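Right, one structure below, let's go through it.
The values are calculated or read from the model by the stated rules, or taken from the named source; none is laboratory data. Keep in mind that what you see is a predicted model, and the values were worked out from it rather than measured. Heads up, the Cβs are rebuilt from the backbone with ideal geometry, glycines too, and the neighbour counts pull from every protein chain shown.
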Amino acid sequence: MRKLLLLPVLLAAALAVPGPAAFAADGAAAADKNKKDKKDAVHRITQSESYLMVDPLYATVVDGSHPLGLLMIGIGLDVPDADLRDKIERDMPQLRDGYVRSLTAYAATSVRSWRPPDVAAIADRLQSVTDRVLGKKGARVLLAQVAIRLNK
């Protein structure tokens with residue numbers, strides 16, 4: 001007898017609770033409202049509009065035919081010209097390719113495990129790649145980090 005009374009109560013409770021579709025519709029409407037109210041969050045290193053961050057660059061450090069470790073470079077670009085900034089954002093894959101190729105050649109020929117890398121030479125190489133890929137001057141390479149991680 002108790003089972004028969006409990007069944008209608010459970011059925012009424014299940015019908016009274018809105019389903020997942022109702023929650024999804026309310027959640028989507030709230031998300032759309034919040035999206036309209038707020039701008040998309042963008043992580044920025046600096047407040048400067050002229051600064052463009054470049055993802056870290058890596059090149060293998062070799063000795064003969066044996067890999068010894070990694071040369072890790074962190075850079076950014078200072079580009080005061082807004083049109084050139086837009087061009088750089090479009091051409092970033094070509095820039096990164098040029099950077100990695102240049103750093104790979106540098107790491108293979110000039111980086112040694114017993115001495116620190118020449119930061120000025122790296123900056124000059126990256127600046128020349130930047131000017132060549134863009135076809136003009138106007139973007140300045142800013143080094144943030146130069147490090148070597150050696151394998152044991």
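Results, tabulated for the structure shown:
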read-out	value
Members of the range 113-152 found to be of a type in the set (Lys, Arg) and either surrounded by 18 or more Cβ atoms within 10 Å (Cβ to Cβ) or under 26 Å from His66 (Cα atoms) (or both), listed by number	Arg115, Arg125, Arg149, Lys152
Residue that is under 18 Å from Leu52 (Cα atoms) and either touching a His at 6+ places or on another chain (Cβ under 9 Å) or modelled with pLDDT of 95 or more (or both), where the choices are Asp78, Asp86, Asp91	Asp78
Residue list for the range 102-111, filter: in contact (Cβ under 8 Å) with a residue 24 or more places away in the chain and either over 12 Å from Ile73 (Cα atoms) or touching a helix residue (DSSP H, G or I) at 6+ places or on another chain (Cβ under 8 Å) (or both)	Ser102, Leu103, Tyr106, Ala108, Val111
Selected residue (only one of Val119, Val141 is closer than 16 Å to Leu52 by Cα and in contact (Cβ under 8 Å) with a residue 24 or more places away in the chain)	Val141
